[in-house]
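The values are calculated or read from the model by the stated rules, or taken from the named source; none is laboratory data. From a predicted model like this one, the values you see are computed outputs, not experimental measurements. Backbone-built Cβ (ideal geometry, glycine too); neighbour counts: all protein chains shown. For the accessible areas, the whole protein counts, side chains as well, though only heavy atoms, and no ligand, DNA or RNA atoms are used. Shrake-Rupley method; radii C 1.70, N 1.55, O 1.52, S 1.80 Å.
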Amino acid sequence: MKNIWTIAKREYDHYFSSPVAYAVAFTILLVLGIIFALNIFYYAQNSFQSFGSAPDVSSITGAFVFMLVLSVPALTMRLVSDENRMGTLELMLTAPVRDAEFIIGKWLGGFLFLFTLIAITLIYPIILNNLVSPGIDQRVMLSAYLGVILISASFLALGVGISAVFSNQIAAFFVTMSTFVFLWWLVGFPAGILPSGGEIFQYLDMKTHFYDSLNVGVINLSDIVYFISLIALGLFTGTTSVEIRRWR
Amino acid sequence: MIKVTGLTKDYGARRAINNVTFDAEQGEIVGFLGPNGAGKTTTMRILTGYMPPTEGEAIVAGYDVVSESLEVRRRVGYLPETVPLYTDMTVFDYLKFMADLRHLPNAEDRVDESIEMVGLTDRASGFIGNLSKGMRQRVGLAQALLHKPEVLILDEPTIGLDPGQVVDVRKLIREIGKERTVLLSTHILSEAQNICDRVLIINKGKIVTEDTPENLQARLVGAERVILRVRGEADDLAKTVSKVKGVESVEARADGAIEFEFAPGKDVRPEVAKIIINEGYDLLEMRPVGLSLEEIFLELTGSESRS
Ligand SMILES: Nc1ncnc2c1ncn2[C@@H]1O[C@H](COP(=O)(O)OP(=O)(O)OP(=O)(O)O)[C@@H](O)[C@H]1O
Ligand SMILES: [Mg+2]
């Protein structure tokens, strides 16, 4: 357990010296800031005419997860593949660290970085809460943020797993991105077309586990199970591919 | 401390090492000597738990490298051939990170000690990426020494070091080798001669021979060879020397000196010295030129090593 923390901490610190991480953080915060500003503007206009409900955070969190599809591959692509390229994997694999601890540490490091970003974006709902008169719906806010956290954790796990499979970070980037696009947009298609058996595709479709439930304040066990399964799958892929590397 | 039996490793269809068997005791420095591609790095990677062998068994510090890999890794210090380092970290932070992975109780002190041992104290807060190759090599060495390992495995530890550092590092290794087990690989034969208690010569994945550097030399040299030099012209010198009983062959060298051989154990040097002085020559030099380890090495590994 201590090793996971040691590796995560190094990875977390690394992000703060990485231009890619700053670019990702800057873009996310900027886009969310613009969406937030538009929201306030929209609310201010409508409130004069006294129609429409109080704004909630779902437009911000909704945009946030969309940005994750595009930015997590950039955060995870080098996590393991770069160690392989620099040869430091040899260092890690001959240190008294379990392969799973190594992978989980990498994942946790990325997660803590994204979690920091998520925490920063909390200023938007807090401002919003002070602006609108009855305050925002706290339940929606909490569940929407839980959704963002679960999606971040799932994406990062898949990204780490894919990064461990590829020794080239560009390859890792594109495969990770394709996987997210697949899970986010493509896998749900057959559900609408197939006459029967479409439920499985429906279940695999990531956005339905967010937009239709967590982002509107509904917390279902099946959604949580879905995300935890993805995390487990990603970490398992990563650990297994490190083990396979040893045997080659 | 290290016990290797029938170790074999295939990379796909290529057999990198073939039935390698050897052992190393505590307090012994064993040198792994062989040409490029002989399988030194492969063997070391198996011993450090980096990868499992295809066949065979290796026990390091009392644990099996495959089934008890973590226990082995806790007790081994390893300097990989490529000296991988996190170049974006400072020397101190990097070593602290590696020390934390080993759960060292007094990590910071150990880091400071290791940095001092390799003479990098003034660069401790500098980024590894800004260090020269030799300095990085020393950071790698410091990393291997952090936890005072029972077994130290060093893949070409002095490559890329300046002569002063080579001396220092060899001294350090000899010091460590007094109590611990050191396995090091090298192409430099004088290094093996200089620091190793025992040398394993490996070629094409097989151990060709193993012995102490002295024995290796003695075993392979059929006769002892001496070079002799006198002042001035000495046309008849070779003839004079060949008259001495026990001298087996005499050869004049291009530079005017001569070389002669005698059977091991039957030292004729005093007689040779006497006779040339009696003949009125001014003796300038007389020294043994025994086959160098280089020559032994080439002989054992065959001409392939040069191709
Ligand atoms: N990862 C690998 N994949 C395939 N073949 C490999 C791999 N690593 C080493 N080999 C092969 O195994 C053989 C032994 O290589 P090894 O690196 O152990 O030699 P070495 O004795 O360390 O050589 P050097 O003195 O050049 O460091 C070589 O033929 C090499 O091509
Ligand atoms: Mg090598």
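If only residues of segment B:46-60 that are among the aliphatic types (A, V, I, L, M) and within 11 Å of chain A (Cβ to nearest Cβ) are counted, the one that is farthest from the chain's Cα centre (by Cα) is B:Met51.
When restricted to residues that are surrounded by 16 or more Cβ atoms within 10 Å (Cβ to Cβ) and within 14 Å of chain B (Cβ to nearest Cβ), segment A:6-39 contains 12.
As a summary of the residue check, B:Glu57 satisfies the conditions (1) within 16 Å of ligand 1 (Cβ to nearest atom); (2) not in a helix (DSSP H, G or I) except for the one numbered (1).
Does segment A:227-243 contain any residue that is in a helix (DSSP H, G or I), in contact with a helix residue (DSSP H, G or I) (Cβ under 7 Å, 6 or more places away or on another chain) and without any contact (Cβ under 8 Å) to a residue 24 or more places away in the chain? Among the residues of segment A:227-243, not one is in a helix (DSSP H, G or I), in contact with a helix residue (DSSP H, G or I) (Cβ under 7 Å, 6 or more places away or on another chain) and without any contact (Cβ under 8 Å) to a residue 24 or more places away in the chain, which makes the answer no. Would you confirm, using the coordinates I've provided, whether B:Leu101 is away from chain A (no Cβ under 11 Å), at pLDDT 95 or above, buried (at least 17 other Cβ atoms within 10 Å of the Cβ) and more than 16 Å from ligand 2 (Cβ to nearest atom)? So B:Leu101 fails the test.
Residue-level analysis places B:Ser69 among those that are open to solvent by 10 Å² or more (accessible area, probe 1.4 Å) and either within 14 Å of another protein chain (Cβ to nearest Cβ) or not basic (Lys, Arg) (or both). Looking across B:Ala38, B:Ala16, one residue alone is assigned to a loop (DSSP other than H, G, I, E, B) and within 13 Å of ligand 2 (Cβ to nearest atom). It is B:Ala38. Looking across A:Phe16, A:Phe26, one residue alone is modelled with pLDDT of 90 or more and under 16 Å from A:Ile123 (Cα atoms). It is A:Phe26. In summary, helices (runs of 4 or more DSSP H) completely within segment B:114-205 and bearing 2 or more residues that are within 13 Å of the chain's Cα centre (by Cα) occur at B:163-176, B:189-195.
Only one entry in B:Tyr50, B:Tyr63 is of a type in the set (Phe, Trp, Tyr), within 13 Å of ligand 1 (Cβ to nearest atom) and open to solvent by 10 Å² or more (accessible area, probe 1.4 Å), namely B:Tyr50. Among the residues of segment B:83-91, some residue qualifies, meaning at least one is within 16 Å of ligand 2 (Cβ to nearest atom) and either within 12 Å of chain A (Cβ to nearest Cβ) or more than 30 Å from A:Tyr12 (Cα to Cα) (or both). Evaluate the following for B:Thr21: is it more than 8 Å from chain A (Cβ to nearest Cβ), surrounded by fewer than 24 Cβ atoms within 10 Å (Cβ to Cβ) and of a type outside the set (A, V, I, L, M, F, W, C)? Against the criterion (more than 8 Å from chain A (Cβ to nearest Cβ), surrounded by fewer than 24 Cβ atoms within 10 Å (Cβ to Cβ) and of a type outside the set (A, V, I, L, M, F, W, C)), B:Thr21 qualifies. Of all residue pairs spaced 6 or more apart or on separate chains, those with beta-carbon atoms under 8 Å, a first member in segment B:27-45 that is near ligand 1 (Cβ under 6 Å from one of its atoms) and a second member that is assigned to a helix (DSSP H, G or I) are B:Gly34/B:Lys40; B:Gly34/B:Thr301; B:Ala38/B:Thr301. The criterion of at least 3 residues that are open to solvent by 10 Å² or more (accessible area, probe 1.4 Å) and at pLDDT 95 or above is met, among helices (runs of 4 or more DSSP H) falling completely within segment A:67-159, by A:99-121. When you look at B:Thr43, is it within 12 Å of chain A (Cβ to nearest Cβ), within 16 Å of ligand 2 (Cβ to nearest atom) and buried (at least 19 other Cβ atoms within 10 Å of the Cβ), yes or no? No. If you go through segment B:46-89 and keep only what is charged (D, E, K, R) and more than 30 Å from A:Ser18 (Cβ to Cβ), you end up with B:Glu55, B:Glu57, B:Asp64, B:Glu68, B:Glu71, B:Arg74, B:Arg75.
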